[in-house]
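Working notes, beginning with the structure itself.
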Protein chains: 2
Amino acid sequence: MASDASPVSAKTPVTLREVAALAGVSVATASKALNGQGRMTAETRERIRETAQRLGFRPNSLAQSLLRRRSFTVGLLTNDTYGRFSLPVMSGISDALVDKGVSVFLCNVEDDQRLGQLHVDAMLDKRVDGIIATGKRIDRHLPVDLSNLGVPVIYAFTQPDPGAVAFVSDDAGGARLAVEHFWRLGRRRIAHVTGPASFAVVHARAQAYRDVLTEKGLPVMEPLLGSWSEAWGHEAVTKLFDGKLSKSGDEKPDAVFCGNDQIARGVIDALRERGLDVPDDVGVIGFDNWQIVAEATRPPLTSVDMNLAALGREAGLTLLSLVGGEPAAPGIRKLPCRLVVRQSCGRPPDG
Amino acid sequence: MASDASPVSAKTPVTLREVAALAGVSVATASKALNGQGRMTAETRERIRETAQRLGFRPNSLAQSLLRRRSFTVGLLTNDTYGRFSLPVMSGISDALVDKGVSVFLCNVEDDQRLGQLHVDAMLDKRVDGIIATGKRIDRHLPVDLSNLGVPVIYAFTQPDPGAVAFVSDDAGGARLAVEHFWRLGRRRIAHVTGPASFAVVHARAQAYRDVLTEKGLPVMEPLLGSWSEAWGHEAVTKLFDGKLSKSGDEKPDAVFCGNDQIARGVIDALRERGLDVPDDVGVIGFDNWQIVAEATRPPLTSVDMNLAALGREAGLTLLSLVGGEPAAPGIRKLPCRLVVRQSCGRPPDG
DNA sequence: TCCATCTGAGAAAACCTTTTCCCAAACCGC
DNA sequence: GCGGTTTGGGAAAAGGTTTTCTCAGATGGA
């Protein structure tokens, strides 16, 4: 039955002309019948529909696009080859667009200007309806100039051109989430171990960390900046527990908020090697919620999730409305993070 | 200068008609001039070229595609959302195609049949020249039927339909590489810790492991099957070093070949906890060469790389030749792995 | 019976490019 | 000066669809 409805072999796609011929009408009428336009008897319309169905007719998108000046296609530019960050973003974009019949050209431009231009030109030639730029860093430009392209551009998780629309994660908010979570759990000596000063997010998160501690009247330890690696997490534990960092004396931290999950992993391993229990002696929170790391950590790591898929979805929908002609206020929109609680922080003291 | 050559604003794309009008020729002549076809005076050709350049003319791909019945577009289907495996494959594909002006639609179908059909239909409507299917497992089908689509299909790192062209990694060969490397280093009691029996690659690698040991006249320990996790690597070390596994007595392994890098990481951590040195006491080799894990391991992990990018490149080129009408023999082609040597195996005894 | 209105459906233009033919003018040799 | 060839370039069809305009016939009212 079902297999009867679809043609056995679709070697050459069926055209509207063939449908029309078989239904004994003109292509104009056939087109209108299938699109619910025009006026004709119900029988005629039904007959055409049925013929189209039987032949497995599907309109040629290329022809439609040419006419409508709208290709139902968007380009996604990234420089994040192995896509820890941009892949969830892509997934969200695709999610938002697939139902509207929009397909996504994925283009990895590495950090190569030539490659970037090549891909952008190819997209433009193929008349994409719009372009989304994403990347591996929120504070770096893609190696391409996307201004004055003649199509709308949205930035997601990458540095936008001035005057453009961009979506990024609210890193400060995410950091607050983590530190306040520690506070609610009764932790009072909270340290922060994070990445290199060259990253904007390092400062945003560190400042939020300081702000929360200040608000709560807790001692502020200067954030420890290093690299994004496990090794640095390891090393930082030595600094934290062997050195004298706290202004308020030599008390050791009972919580460490880490700039990413790999650092957190290094911290947890180092703590264990020192005989300190996580979470009983020291609570640990990571950032990025990189599932495969967070879940492999012992104990599983509580981590801040940047909601990248949601960010992508938002970007996709906004691009679509831009394509549809609705204006969007330029500027950077920050989307909230969320805290994914696992077992590296313990329970509330009264819980 | 350079900015003079390109239009300040490309709001509405320039058409050939406009170029022709401005150059004072017909569109036919303009087309021929720009494509190096037809016959005309050198001056005419140059004048048209120059006009096109000045106007920033770029031919409308949609119109070209419609005419040529070739969209210079391929679809890439995957179910590997967070793309450990499929992303390198994609990268290789894109690499192979971008120079030929071919763009890639990336479609993540999860494991959802409806989503799969949706994406395939969208691709077909957009008249992709071909489709490449990839995934996260070599022995699983995508949730879509790709037979009789009317366009060529290539499978890469996923289970093909019978009679199709497929590229996969040579897992047995990769395993041989690892075990023979141990052998060359003088290791003689080599264990194998790997993933669940439900994976075809587990058996392929285990068999190759047995084969090499047998060829070399070494004792064969039964491979330890578990999960793909660090935790299992940890647990396996207990079994290996506390139980009696070797037929030839109770000697402990001096090398462990692991089914993936996460297991290897668990193994290394567990060995350290036992006071065993890697690589001095025990050598360890992983599989997948997942850089971020392999390099974070202490010591950095020697691992088998499946050359997924090369696999993708091969798939892309083959698809292209299929699109070009050249026939390709159906069947599964296995591409060699390579061993990436880091520091978890030590040096040759005489080195 | 005749005019006006409405109904169902088709012709044709449009989207943009490529390619095949075709034609007029120039040129050549005689 | 004339037939034949080359040269430079244009007209038109093709690709598949949508949309506007048009039109013939039917219907309704007077």
*Can you name every residue in the stretch A:6-17 that is more than 6 Å from DNA strand D (Cβ to nearest atom) and either hydrophobic (A, V, I, L, M, F, W, C) or at pLDDT 95 or above (or both)?*
A:Val8, A:Ala10, A:Val14
*asked:* Given (1) at pLDDT 95 or above; (2) in the same structural domain as B:Ser198 (by TED's automatic domain parsing), identify the lone condition not met by B:Arg313.
replied: (2)
_Filter the stretch B:277-301 down to the residues that are of a type in the set (Val, Ile, Thr) and within 18 Å of A:Glu230 (Cβ to Cβ) and list them by number._
B:Val278, B:Val284, B:Ile292, B:Val293, B:Thr297
*Does the stretch B:300-325 hold any residues that are out of contact with any Leu (no Cβ under 9 Å at 6 or more places or on another chain) and over 21 Å from A:Tyr82 (Cβ atoms), and which are they?*
B:Thr318, B:Ser321, B:Leu322, B:Val323, B:Gly324, B:Gly325
*Taking the stretch A:119-137 as the search range and keeping residues that are touching a helix residue (DSSP H, G or I) at 6+ places or on another chain (Cβ under 6 Å) and not basic (Lys, Arg), which one is surrounded by the fewest Cβ atoms within 10 Å (Cβ to Cβ)?*
A:Asp125
*Working only within the stretch A:17-44, note down all residues that are near DNA strand C (Cβ under 7 Å from one of its atoms) and surrounded by 14 or more Cβ atoms within 10 Å (Cβ to Cβ).*
A:Val25, A:Val27, A:Thr29, A:Met40, A:Thr44
_Filtered residues of the stretch A:74-124 (kept if out of contact with any strand residue (DSSP E or B) (no Cβ under 9 Å at 6 or more places or on another chain) and of a type in the set (Asp, Glu))_ = A:Asp99, A:Glu110, A:Asp111, A:Asp112, A:Asp121
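Going by what's in this entry, would A:Gln64 be described as within 11 Å of chain B (Cβ to nearest Cβ), more than 20 Å from the chain's Cα centre (by Cα), within 23 Å of B:Leu149 (Cβ to Cβ) and within 16 Å of DNA strand D (Cβ to nearest atom)?
When the stated conditions are applied, A:Gln64 passes them.
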*asked:* If I go through the stretch B:76-85 residue by residue, how many of them are within 18 Å of A:Thr73 (Cβ to Cβ) and at the interface with chain A (Cβ under 8 Å from one of its Cβ atoms)?
replied: 1
_Checking the conditions here, which among B:Ala178, B:Ala166, B:Ala206, B:Ala197 is out of contact with any helix residue (DSSP H, G or I) (no Cβ under 7 Å at 6 or more places or on another chain) and surrounded by fewer than 18 Cβ atoms within 10 Å (Cβ to Cβ)?_
B:Ala197
_Considering only residues that are in contact with a Ser or Thr (Cβ under 9 Å, 6 or more places away or on another chain) and more than 18 Å from B:Glu251 (Cα to Cα), which ones fall in the stretch B:202-226?_
B:Val202, B:Arg205, B:Ala206, B:Tyr209, B:Leu225, B:Gly226
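Every residue, every condition in (1) within 14 Å of another protein chain (Cβ to nearest Cβ); (2) of a type in the set (A, V, I, L, M, F, W, C), yes or no:
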{"position": "B:Cys107", "(1), (2)": "yes, yes"}
{"position": "B:Asp125", "(1), (2)": "yes, no"}
{"position": "B:Leu146", "(1), (2)": "yes, yes"}
{"position": "B:Pro160", "(1), (2)": "no, no"}
{"position": "B:Leu185", "(1), (2)": "no, yes"}
{"position": "B:Ala208", "(1), (2)": "no, yes"}
*Within the stretch A:121-141, which residues are in contact with a Leu (Cβ under 7 Å, 6 or more places away or on another chain) and in a helix (DSSP H, G or I)?*
A:Leu124
*Please enumerate the residues belonging to the stretch B:91-105 that are within 17 Å of the chain's Cα centre (by Cα), more than 7 Å from every other protein chain (Cβ to nearest Cβ), crowded, with 21+ Cβ neighbours inside 10 Å and of a type outside the set (Gly, Ala, Ser).*
B:Ile93, B:Leu97
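Scan the stretch A:232-245 and tell me whether some residue there is farther than 27 Å from A:Pro336 by Cα, in a loop (DSSP other than H, G, I, E, B) and in contact (Cβ under 8 Å) with a residue 12 or more places away in the chain.
Yes, the conditions are met somewhere in the stretch A:232-245.
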_Looking only at the stretch A:142-180, how many residues end up being more than 23 Å from A:Ser91 (Cβ to Cβ) and not in a loop (DSSP other than H, G, I, E, B)?_
6
*Going by the structure shown, is A:Val89 touching a residue at least 12 places away in the same chain (Cβ under 8 Å), in contact with a Pro (Cβ under 9 Å, 6 or more places away or on another chain) and either away from DNA strand D (no atom under 16 Å from the Cβ) or among the basic types (Lys, Arg) (or both)?*
no
*asked:* Give all pairs with beta carbons closer than 8 Å in which a residue from the stretch A:54-72 that is within 15 Å of DNA strand C (Cβ to nearest atom) meets a residue that is among the aromatic types (Phe, Trp, Tyr); count only pairs at least 6 apart in sequence or on separate chains.
replied: A:Ser61/A:Phe72; A:Ser65/A:Phe72
*asked:* If a residue must be surrounded by fewer than 24 Cβ atoms within 10 Å (Cβ to Cβ) and among the hydroxyl-bearing types (Ser, Thr, Tyr), how many such residues does the stretch B:72-90 contain?
replied: 2
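The values are calculated or read from the model by the stated rules, or taken from the named source; none is laboratory data. Note that the coordinates shown come from a computational prediction; the quantities given were computed from them, not determined experimentally. No Cβ is skipped: glycine too gets one built from the backbone with ideal geometry, and neighbour counts run over all protein chains shown.
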